[in-house]
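For reference, the structure is listed below as structure tokens.
The values are calculated or read from the model by the stated rules, or taken from the named source; none is laboratory data. No experiment lies behind these values; they were computed from the predicted model shown. Glycine also receives a Cβ, built like all others from the backbone with ideal geometry; neighbour counts cover every protein chain displayed.
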Protein chains: 2
Amino acid sequence: MSVVARTLLGPGPSNPYPEATAALGLPLLGHLDPVFLGVMDGTCERLRTVFGTANPRTLPLSGTGSAGMEAAFVNLVRPGDTVVVAVNGLFGERMVDVAGRCGADVVRVDTPWGRAVDPDRVLAAHPAPTLVAVVHAETSTGVRNDVAALAAGLRSGAAGGALLLADCVTSLAGIDVAIDGWGVDVAYSATQKCLGVAPGLAPFTISDRAWERRVRRPRSWYLDLGLIGEYAGGAVAGSGGRTYHHTAPVAMVASLHAALGRILDEGLPAVVARHEACGRALQEGLLALGLELFAEEGARLPELTTVRVPSDVDGAAVRRELLERYGIEIGGGVGEYAATVWRIGLMGHNARPDTVTLVLGALGEVLKR
Amino acid sequence: MSVVARTLLGPGPSNPYPEATAALGLPLLGHLDPVFLGVMDGTCERLRTVFGTANPRTLPLSGTGSAGMEAAFVNLVRPGDTVVVAVNGLFGERMVDVAGRCGADVVRVDTPWGRAVDPDRVLAAHPAPTLVAVVHAETSTGVRNDVAALAAGLRSGAAGGALLLADCVTSLAGIDVAIDGWGVDVAYSATQKCLGVAPGLAPFTISDRAWERRVRRPRSWYLDLGLIGEYAGGAVAGSGGRTYHHTAPVAMVASLHAALGRILDEGLPAVVARHEACGRALQEGLLALGLELFAEEGARLPELTTVRVPSDVDGAAVRRELLERYGIEIGGGVGEYAATVWRIGLMGHNARPDTVTLVLGALGEVLKR
């Protein structure tokens with residue numbers, strides 16, 4: 001059978017950095033091999049750099065981004081805790097579900113899809129929640145939420161100084177993320193977006209402040225950060241050696257290590273500037289094609305652009321033609337926007353001028369037919 | 001930096017089948033790409049064959065083997081349920097922990113490490129538990145437990161006909177597994193053992209009978225089989241199309257698909273016979289070296305052999321020399337046997353005569369020094 005190759009310009013996965021793919025093919029190492037433990041420590045250190053944090057507890061969890069979300073809630077929320085969740089897309093919605101399963105009393109602050117969350121409304125939603133949760137880059141709508149402003153409000157005492165959780169699945173290594181600079185307590189990401197790796201790991205970081213308030217025996221064994229830290233946290237001062245928890249997904253960790261190396265070689269500011277420039281070029285090109293963008297102006301993510309499907313166009317047919325004729329994958333919309341919105345990602349290795357030219361050219365041709 | 005290559009003869013990961021490694025380097029596909037959905041369906045179908053089941057709900061979960069364990073308990077156990085767990089090693093012990101976090105009233109049936117569980121004692125432990133759980137191949141001790149006998153007892157009405165859960169992490173595709181033939185209700189495995197793939201996925205299967213008794217809104221969103229089935233279960237009759245749940249780890253699934261293809265091309269009976277022959281040759285060779293085996297005779301796994309470290313030998317130093325001089329990884333023991341037992345795996349691609357010769361030769365040389 002022929003091997004199929006695609007240009008992955010949907011909401012993720014995106015095509016990995018070549019270094020990430022090459023690393024998957026290297027000889028496999030044992031999860032307790034000293035050489036692999038060096039790769040793991042290096043990965044944690046590189047993750048600290050891209051997260052913008054000194055948190056000793058920064059590591060790749062052994063699941064996809066959604067496992068990162070679950071780990072955040074399951075380790076911080078006890079039954080009866082109040083959790084404020086900002087909801088302006090599918091992933092905010094998912095946080096409500098996950099927090100609810102932890103027994104939280106969830107206070108949701110809804111904003112229409114396609115618009116950014118108002119930090120003041122979130123801060124005013126409850127006087128003293130345990131946790132305030134927000135999605136930095138809403139993959140379902142292409143909207144950037146102002147995590148910095150939310151964090152500043154919490155630092156100044158709003159909402160009783162609650163812990164802040166930020167979903168950085170589609171933001172990390174694509175737009176600025178400053179966990180310590182902003183004052184975020186817990187954050188997670190996913191490998192298949194701007195980090196430029198195949199899906200399968202959830203980079204995760206938690207502040208000392210949040211760590212001290214963690215649930216000591218969470219309902220999840222697999223995502224129990226206390227147990228995981230005994231293996232992955234060799235770099236944590238005073239953690240006293242490594243204990244086996246579960247078998248680390250060594251090939252995926254080596255791949256993430258390689259992609260992070262590529263990103264830091266280029267330089268994080270340059271990587272962010274590249275995403276910014278490509279996203280702007282794509283969005284201008286789409287407007288020039290006569291298309292309308294979905295996310296509100298001022299809150300548009302460069303790495304994930306949402307476009308309204310013209311009313312006389314069959315959105316699914318266009319996506320199918322892009323896939324079949326050009327090998328290009330773009331995404332449909334989510335929920336009630338499934339048929340009326342397209343999502344075009346320029347993430348990681350795909351945030352390149354040639355990719356912008358390709359997708360604009362192909363979309364222009366298909367729409368002209 | 002030089003690339004380090006090892007012969008992985010510990011308790012897993014083992015060196016993947018070459019086809020599995022090659023598949024990791026193929027162009028990445030989107031998780032909703034029709035071509036990838038074909039790979040996913042094919043993987044589920046191949047898993048049915050190696051599990052020996054017609055269960056429509058057979059799929060790779062997006063985590064390591066321990067995530068498979070957690071999924072089994074979290075989807076079947078409600079607070080207050082009685083769960084009987086057979087414990088004769090670390091993984092039985094882990095089941096007790098995981099079931100406890102689900103709120104189960106756990107009845108443990110202990111057997112000394114290195115000996116097989118007595119099915120009759122397990123069946124008599126409680127008149128009507130919700131679930132009886134056993135580890136088929138105890139990775140910590142190299143012992144095979146008689147799942148068939150336990151299943152037969154439950155089928156004939158013992159323990160009120162409770163559901164049977166079998167941990168097949170180190171057994172699947174190494175020794176006989178017959179989920180339907182025996183009457184096992186839920187089972188999981190891991191990719192890095194006899195399946196010959198890097199770690200990262202948990203093959204999973206659940207019977208219709210267990211499915212009907214499942215928890216409708218389990219505490220874990222990530223491992224909620226009802227939600228996952230809407231994506232992965234395209235092949236399930238009446239499931240009505242696929243819904244996005246989380247982004248499948250596409251590269252790892254493609255790798256598993258390839259390894260399963262290799263296994264089924266060789267033929268499952270031939271693969272099992274190869275493990276059996278290599279394990280026997282290793283165990284005979286170890287005895288010929290004057291070493292003593294740890295697992296009791298009659299219950300020794302061919303794919304994972306446990307050896308007592310001679311009393312005048314530093315077990316860790318031997319392992320270090322095997323690693324540094326020969327590039328061979330073998331495992332230490334677990335828990336109180338950490339320093340006094342070695343674990344030697346011959347799993348998947350490593351179940352080969354040359355590997356047996358290599359490890360026996362190297363160990364003989366190191367012990368003679």
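Screening the stretch B:149-261 for helices (runs of 4 or more DSSP H) wholly inside it with 2 or more residues that are crowded, with 24+ Cβ neighbours inside 10 Å returns the ranges B:225-232. Tell me which residues, restricted to the stretch B:173-193, are within 14 Å of another protein chain (Cβ to nearest Cβ) and not hydroxyl-bearing (Ser, Thr, Tyr). Listed by number, the residues that qualify are B:Ala190, B:Gln192, B:Lys193. Of the residues making up the stretch B:292-321, those that are part of a loop (DSSP other than H, G, I, E, B), surrounded by 19 or more Cβ atoms within 10 Å (Cβ to Cβ) and either in contact with a helix residue (DSSP H, G or I) (Cβ under 9 Å, 6 or more places away or on another chain) or not hydrophobic (A, V, I, L, M, F, W, C) (or both) are B:Phe294, B:Leu301, B:Pro302, B:Glu303, B:Val309.
Among the residues of the stretch A:322-367, those that are in a loop (DSSP other than H, G, I, E, B) and closer than 22 Å to B:Pro27 by Cα comprise A:Gly327, A:Ile330, A:Leu346, A:Met347, A:Ala351, A:Arg352. Any residue at all in the stretch A:325-332 that is without any contact (Cβ under 8 Å) to a residue 60 or more places away in the chain and in the same structural domain as A:Val307 (by TED's automatic domain parsing)? There is at least one residue in the stretch A:325-332 that is without any contact (Cβ under 8 Å) to a residue 60 or more places away in the chain and in the same structural domain as A:Val307 (by TED's automatic domain parsing). Residue-level check: of (1) surrounded by fewer than 23 Cβ atoms within 10 Å (Cβ to Cβ); (2) more than 8 Å from chain B (Cβ to nearest Cβ), A:Met95 misses just (1).
Screening B:Val122, B:Val106 for residues that are away from every other protein chain (no Cβ under 14 Å), over 30 Å from A:Ala22 (Cβ atoms) and outside any loop (DSSP other than H, G, I, E, B) leaves exactly one candidate, B:Val122. In this structure, does B:Ser140 turn out to be out of contact with any strand residue (DSSP E or B) (no Cβ under 7 Å at 6 or more places or on another chain) and closer than 30 Å to B:Ala338 by Cβ? Judged against the criteria, B:Ser140 is a match.
Among the residues of the stretch B:70-95, none is identified as on the phi > 0 side of the Ramachandran plot and hydrophobic (A, V, I, L, M, F, W, C). The single residue among A:Asp110, A:Asp146, A:Asp120, A:Asp105 that is more than 30 Å from B:His245 (Cβ to Cβ) and either of a type in the set (Asp, Glu) or assigned by TED's automatic domain parsing to the domain that holds A:Gly279 (or both) turns out to be A:Asp120.
Report those helices (runs of 4 or more DSSP H) wholly inside the stretch B:1-89 carrying at least 2 residues which are more than 11 Å from chain A (Cβ to nearest Cβ) and of a type in the set (Asp, Glu). Fully inside the stretch B:1-89 and qualifying: B:34-51. Cβ-Cβ contacts under 8 Å between residues 6 or more apart (or on different chains), taken from a first residue in the stretch A:209-229 that is within 18 Å of A:Asn55 (Cβ to Cβ) to a second residue that is of a type in the set (Gly, Ala, Ser) and crowded, with 19+ Cβ neighbours inside 10 Å, are listed as A:Leu223/A:Gly63; A:Leu223/A:Ala67; A:Leu223/A:Ala71; A:Leu225/A:Ala71. Scanning the stretch A:216-230 for residues that are away from chain B (no Cβ under 11 Å) and farther than 14 Å from A:Thr243 by Cβ yields a single hit, A:Arg216.
At pLDDT below 95 and surrounded by 16 or more Cβ atoms within 10 Å (Cβ to Cβ): is that true of A:Val272 in this structure? For A:Val272, the condition - at pLDDT below 95 and surrounded by 16 or more Cβ atoms within 10 Å (Cβ to Cβ) - is not met.
Among the candidates A:Ala254, A:Ala248, the residue that is modelled with pLDDT under 95 and within 14 Å of chain B (Cβ to nearest Cβ) is uniquely A:Ala248. Among residues of the stretch A:306-323 that are over 14 Å from A:Leu360 (Cα atoms), those with a beta-carbon under 8 Å from a residue that is surrounded by 13 or more Cβ atoms within 10 Å (Cβ to Cβ) and polar (S, T, N, Q) at least six positions away or on a different chain give the pairs A:Arg308/A:Thr340; A:Val309/A:Thr340; A:Gly315/A:Thr340.
Give the residues of the stretch B:130-148 that are surrounded by fewer than 24 Cβ atoms within 10 Å (Cβ to Cβ) and of a type in the set (A, V, I, L, M), sorted by residue number. Scanning the stretch B:130-148 gives a single hit, B:Ala148.
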